[in-house]
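Each remark here refers to the structure printed beneath this line.
The values are calculated or read from the model by the stated rules, or taken from the named source; none is laboratory data. Keep in mind the model is a prediction, meaning the values are calculated, not measured. Counting neighbours? That spans all protein chains shown, and the Cβs are built from the backbone with ideal geometry, glycine included.
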Amino acid sequence: FFLRTAFEKFLITMSTPLENSHDTLEILVEISKILNTGLDKEVMGLLVALSEQGCNPNALARIVRNLRDAVASIKPTKYCAGV
């Protein structure tokens, strides 16, 4: 239900002239939270901006996954216990 509502808001926003890109970002952040992507508003904004500049969204998704995998594979040491 929540995903449907957020997606419907997104479709309505996309079908009308955008008065404020902030509204679109807010809806995308809401969808991101519902899907439990772990992406915050700042990261979503950067990804949207990159997509709008012509970056391939699938490539951006692969980059995000690769970065998450790389961070997850880092073993904490006594010098870097917070990672």
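Look through 26, 42 and report the one residue that is at pLDDT 85 or above and loosely packed, with under 10 Cβ neighbours inside 10 Å.
After applying the criteria, what remains is 42.
Looking for something small (Gly, Ala, Ser) and at pLDDT 80 or above - is there at least one such residue anywhere in region 3-21?
Checking region 3-21: not a single residue is small (Gly, Ala, Ser) and at pLDDT 80 or above.
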